[in-house]
Amino acid sequence: MVYDVTRQRYYTYHATAQFITGSSMKVPIMLTFLDMTERQGRQPNAEEMNLLTTMIENSNNDSASALYYGEIGGAVGVASYLDRIGITGLIPDPNAWGWSLISPQDMVNLLTDLYQGKILTARDRNLALSLMEHIESDQQVGVGDTAPNGAIMAMKDGWLPGPDSLWAMNSSGIVTVSQETYIIAVYTRGQGTLGDGQRIAQHVCGTVASLLI
């Protein structure tokens, strides 16, 4: 699913189908955590900031687990937050956050809410976007390595073998070049290799970038 923010147009293909999140689940985990600290009337402490940073920028799974199970109440906590903000197509897994399910439509809607300032305070939105703009290079397959030169990208990828041992791979993000902005979520499943999923994400993201920018 693509939302062309500049022209307020959507482009979709199986946008409501559900896919395994992999590390893209780290975005809802981060947003749920920041909402929790806002409701507690505080900022993340140094240890929590380290967990947020390593979870998003380095895609550290242990950091994600520490926040998911130890801070925000796991699947119940994420589901409660998403329900309050009207995101209905994400099903958090209580036992393995990476096997949660989401639709491309819901990821685009979640990123759109973040971009447009509909969720979190300005300070926390800027924090979330800054972390997503500093993803390490080997985690930028799809949105990141096909974006136009000079683009600002707030993104997150995810990949893992599913319960069927076939690969799920996805890439989502907010891309801005000059006055042009688009929000994209590309999810794949049932791929024989991780490379197959990555090539699909690169093809779709690259095509969108070339046509919109």
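The values are calculated or read from the model by the stated rules, or taken from the named source; none is laboratory data. What you see is a predicted model; the values in this text were computed from it and never measured. Methodologically, a virtual Cβ is constructed for each residue, glycine included, from the backbone with ideal geometry; neighbour enumeration extends over all protein chains shown. Protein only, heavy atoms only, side chains kept; ligands, DNA and RNA dropped before computing areas. Shrake-Rupley method; radii C 1.70, N 1.55, O 1.52, S 1.80 Å.
Structure summary
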read-out: Some residue of segment 96-112 being over 26 Å from A201 (Cα atoms), free of Cβ contacts under 8 Å to residues at least 12 places away in the same chain and either in contact with a helix residue (DSSP H, G or I) (Cβ under 9 Å, 6 or more places away or on another chain) or open to solvent by 30 Å² or more (accessible area, probe 1.4 Å) (or both); value: no
read-out: Which numbered condition G22 misses (of (1) surrounded by 17 or more Cβ atoms within 10 Å (Cβ to Cβ); (2) over 12 Å from the mean Cα position of the chain (by Cα); (3) in contact (Cβ under 8 Å) with a residue 60 or more places away in the chain; (4) farther than 16 Å from A154 by Cβ); value: (2)
read-out: Within segment 103-213, helices (runs of 4 or more DSSP H) holding 2 or more residues that are within 17 Å of T21 (Cα to Cα); value: 104-115, 194-212
read-out: Hits in segment 25-47 - residues which are of a type outside the set (A, V, I, L, M) and either within 21 Å of A201 (Cβ to Cβ) or open to solvent by less than 10 Å² (accessible area, probe 1.4 Å) (or both); value: K26, P28, T32, F33, T37
read-out: Enumeration of residues in segment 64-94 that are hydroxyl-bearing (S, T, Y) and either crowded, with 20+ Cβ neighbours inside 10 Å or assigned to a loop (DSSP other than H, G, I, E, B) (or both); value: Y68, Y81, T88
read-out: Exclusive hit being touching a residue at least 24 places away in the same chain (Cβ under 8 Å) and open to solvent by 20 Å² or more (accessible area, probe 1.4 Å), set T181, T188, T193, T207; value: T193
read-out: Cβ pairs under 8 Å, 6+ apart, first in segment 44-59 and in a loop (DSSP other than H, G, I, E, B), second open to solvent by less than 30 Å² (accessible area, probe 1.4 Å) and aliphatic (A, V, I, L, M); value: P44/L34; P44/L52; S59/I135
read-out: Where S100 falls short, out of the listed (1) within 22 Å of G192 (Cα to Cα); (2) in contact with a Cys (Cβ under 6 Å, 6 or more places away or on another chain); (3) among the hydroxyl-bearing types (S, T, Y); value: (2)
